[in-house]
Amino acid sequence: MTRAENIDWLEASSDLNRSGWTILRGILTTTEADSVAAWYSSDEGFRSTVVMARHGFGRGEYKYFSYPLPQLVAELRADLYPRLSSIANLWNELMGVGVRFPSTHEEFIARCHQAGQERPTPLLLQYGEGDYNALHQDLYGEHVFPLQVAFLLSEPGVDFSGGEFVLTEQRPRMQTRAEVVPLGKGDAVIFAVHHRPQKGSKGYYRVNMRHGVSRLRSGHRHTLGVIFHDAR
């Protein structure tokens, strides 16, 4: 049985449609989380390193994986995508967006590559004391899959303090609302990349979403990010 088959997709879909995010508890084992976090100490298997402060992105670092992706990362991308594509297609229909997503990630990546988006976007992030990730959206080109996944590889309260995963949503003519997502080591959060539909009195409208990480008060925090579209 694959990881995706162990997920309660009825509950996950309900969460995503209601609030734009859902938690997958224990989707990675402790051993897997430790192994993935340890990859950060080597440059092998990565195409680039980004120091956030140099670009005004916050503080901390992240590395983009190169192709071929590590087996675990490639499997997560391919395994989760089919279930999420049906949600993504529903969202676009409700928001009046004409784009529809194919049923397999292989087909979607081929679409990205044909448009010149050929650089892999899955990434590994590292934060230390005082580091944070400013609110942002991971948009890398014309083709954007509307959902992505972040996997926490460190244990809150043990490996680090602070460093909460934060989501904000901006609705038309309303002030921005923030939400802190409570994650444990090995947990993942699926969340909206950019927009999600929200039902109003006159039908559905678009809610603008951003995500980030609050300042670490102590320790070190590692995260695996799985983005389904590639970059130019």
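Observations on the model:
- Anchor residue 199: aspartates and glutamates whose Cα lies under 13 Å away (excluding residues fewer than 8 positions away in-chain): 93
- Per residue accessible area in Å² of the chain, where ligands, DNA and RNA are left out and the probe is 1.4 Å: 48
- Measuring nothing but how far apart in sequence close Cα pairs (under 8 Å, 6+ apart) lie, relative to its length, the chain scores a relative contact order of 29 percent.
- Within the stretch 38-86, the GluC sites (Glu not before Pro) that combine a DSSP coil assignment with at most 15 other C-beta atoms in a 10 angstrom radius are 44.
- Of the accessible area of the stretch 112-179, computed with a 1.4 Å probe over protein heavy atoms only, carbon and sulfur atoms account for 46 percent.
- As a ratio to 2.2 N^0.38 Å, the alpha-carbon radius of gyration computed for the chain takes the value 0.98.
- Using the rule -39500 (n - 2.57) for each DSSP H run of four or more residues, divided by the residues of the chain, the 222 nm mean residue ellipticity is -8000 deg cm²/dmol.
- Centre separation in Å (Cα based) which lies between the stretch 79-145 and the stretch 1-74: 13
- The stretch 20-109: trypsin sites (Lys or Arg not before Pro) falling in loop per DSSP and having at most 15 other Cβ within 10 Å: 25, 100
- About the centre of its Cα atoms, the stretch 118-232 shows a dipole size close to 680 debye [charges on the beta carbon of Lys, Arg (+1) and Asp, Glu (-1) only; nearest 20 debye].
- Projecting the Cα atoms of 186, 113, 143 onto the dipole axis of the chain, where Lys and Arg carry +1 and Asp and Glu carry -1 at the beta carbon, places 143 farthest toward the positive end.
- Candidate lysines - alpha carbon under 21 Å from residue 63, same-chain residues fewer than 8 apart omitted: 185
- Across q = 0.15 Å⁻¹, the stretch 160-232 modelled as identical point scatterers on its alpha-carbon atoms has Debye log10 I(q)/I(0) values of -0.65, in the order of the q list.
The values are calculated or read from the model by the stated rules, or taken from the named source; none is laboratory data. Just so it is clear, the model here is predicted, and its values are computed rather than measured. We place every Cβ from the backbone using ideal geometry, glycine too, and count neighbours over all the protein chains shown. For the accessible areas, the whole protein counts, side chains as well, though only heavy atoms, and no ligand, DNA or RNA atoms are used. Shrake-Rupley method; radii C 1.70, N 1.55, O 1.52, S 1.80 Å.
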